[in-house]
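Report on the following structure.
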Amino acid sequence: MSNVVIHEVHGKVGLIRINRPESLNALNNEVVDGIAAAIDIFEADENIGCIVLTGNEKAFAAGADIGFMKDFDYMHAYKTDFITRNWERIKTTRKPVIAAVAGFALGGGCEMAMMCDMIFAADTARFGQPEVRLGTMPGAGGTQRLPRAVGKAKAMDLCLTARMMDALEAEKAGLVARVIAADQLLDETMKAAQAIAGYSLPVVMMIKESVNRAFESSLNEGLLFERRVFHSAFALEDQKEGMAAFVEKRKPAFTNR
Ligand code: HXC
């Protein structure tokens, strides 16, 4: 595996670090391929119940690599389905993915964070869609996921002016689940990830699938989907174990069945 993406197993959590510090973790094919390969490994590993995607203290990712794409022509971009050809892997994994963002999450970096299931931000985090400044536009969800997260007004503001939003504004706007002191970011994120990974994996997957349905369907369709999946949870051994443990005042021992 490439050295621009590092993947490590910590207990029941798979940690992926983007590692191109010299370019503020600018995203090129090697990085995106590395992330997709790491997710493949963690998806196949029964022991892993949650994935954390992070960068370093200066940048989650400052966007797609400008040097890499600056000379592309239309045909190349179209034929290679630039750049999202395998970005979708972050979205298609059925295990939860937490983005732990410190420093810059700009352009494709902000879009990649938004593909994750939730974002935990260091108080140093800065989010933005500055593509307009480069004579281009967001191409991996910036004009679609950002308005769903923060509303049209703020999404227009960020995409049209290229300004950055700090962690507190991002939390207030609904883009970020938690703001954490920078020196605690990874510890706190890993703690939350270990907690998620300690629950029943099939239940966690059902919850993820159901929350995501809220963005793909009408309210009634979503509610019906949720109710049916909820009913199916009664087929799980982990449901019997979880409720028995509550009644017996002990910790549940989930077996992912
Ligand atoms: C390539 C990048 C880069 C990028 C930073 N670098 N961002 N290289 N692609 N997106 C490189 C710089 O060239 C520089 O390399 C090094 O990282 C450090 O960056 P500086 O600019 O010196 O740091 P600083 O002054 O602190 O400014 C930080 C910054 C600025 C505000 C984040 O780097 C910046 O504006 N970067 C571009 C952000 C951006 O426009 N992102 C959107 C990209 S388009 P050297 O070799 O000089 O040290 C996009 C489209 C996505 O993402 C479409 C679909 C996926």
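The values are calculated or read from the model by the stated rules, or taken from the named source; none is laboratory data. Keep in mind it's a predicted model, so treat the numbers as computed, not measured. Backbone-built Cβ (ideal geometry, glycine too); neighbour counts: all protein chains shown. The protein model used for the area step is the full one, side chains on, heavy atoms only, and it has no ligands, DNA or RNA in it. Shrake-Rupley method; radii C 1.70, N 1.55, O 1.52, S 1.80 Å.
When 47, 28, 86, 19 are checked against the criterion of being in contact with an Asp or Glu (Cβ under 7 Å, 6 or more places away or on another chain) and either more than 17 Å from residue 111 (Cα to Cα) or open to solvent by less than 30 Å² (accessible area, probe 1.4 Å) (or both), a single residue qualifies: 28. For segment 219-232, a tally of residues being within 21 Å of residue 257 (Cα to Cα) and over 25 Å from the mean Cα position of the chain (by Cα) returns 4.
Conditions tested, residue by residue: (1) closer than 27 Å to residue 12 by Cβ; (2) outside the structural domain of residue 109 (by the TED database); (3) among the hydroxyl-bearing types (Ser, Thr, Tyr); (4) at pLDDT 95 or above.
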{"residue": "182", "(1), (2), (3), (4)": "yes, no, no, yes"}
{"residue": "205", "(1), (2), (3), (4)": "yes, yes, no, yes"}
{"residue": "219", "(1), (2), (3), (4)": "no, yes, no, yes"}
{"residue": "227", "(1), (2), (3), (4)": "no, yes, no, yes"}
{"residue": "242", "(1), (2), (3), (4)": "yes, yes, no, yes"}
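Residue check: is residue 79 open to solvent by 50 Å² or more (accessible area, probe 1.4 Å), more than 11 Å from the ligand (Cβ to nearest atom), in contact with a helix residue (DSSP H, G or I) (Cβ under 7 Å, 6 or more places away or on another chain) and at pLDDT below 95? No. Only residues that are charged (D, E, K, R) and part of a helix (DSSP H, G or I) were counted in segment 203-257, giving 11. Those helices (runs of 4 or more DSSP H) of segment 133-188 in which 2 or more residues are out of contact with any His (no Cβ under 6 Å at 6 or more places or on another chain), free of Cβ contacts under 8 Å to residues at least 40 places away in the same chain and within 13 Å of the ligand (Cβ to nearest atom) occupy 145-150, 152-161. From the list 34, 11, the one residue that fits, being free of Cβ contacts under 8 Å to residues at least 40 places away in the same chain, more than 13 Å from the ligand (Cβ to nearest atom) and not β-branched (Val, Ile, Thr), is 34.
Within segment 89-127, the set of residues being away from the ligand (no atom under 14 Å from the Cβ), among the charged types (D, E, K, R) and either open to solvent by less than 20 Å² (accessible area, probe 1.4 Å) or under 9 Å from the mean Cα position of the chain (by Cα) (or both) comprises 95, 117. Taking each residue of segment 189-201 that is at negative phi and among the aromatic types (Phe, Trp, Tyr) and looking for partners that are assigned to a loop (DSSP other than H, G, I, E, B) and open to solvent by 20 Å² or more (accessible area, probe 1.4 Å) with beta-carbon atoms closer than 8 Å, six or more apart or interchain, yields 199/254. One residue stands out in segment 151-199 among those that are among the basic types (Lys, Arg) and within 30 Å of residue 236 (Cβ to Cβ): the one that is least open to solvent (accessible area, probe 1.4 Å), namely 178.
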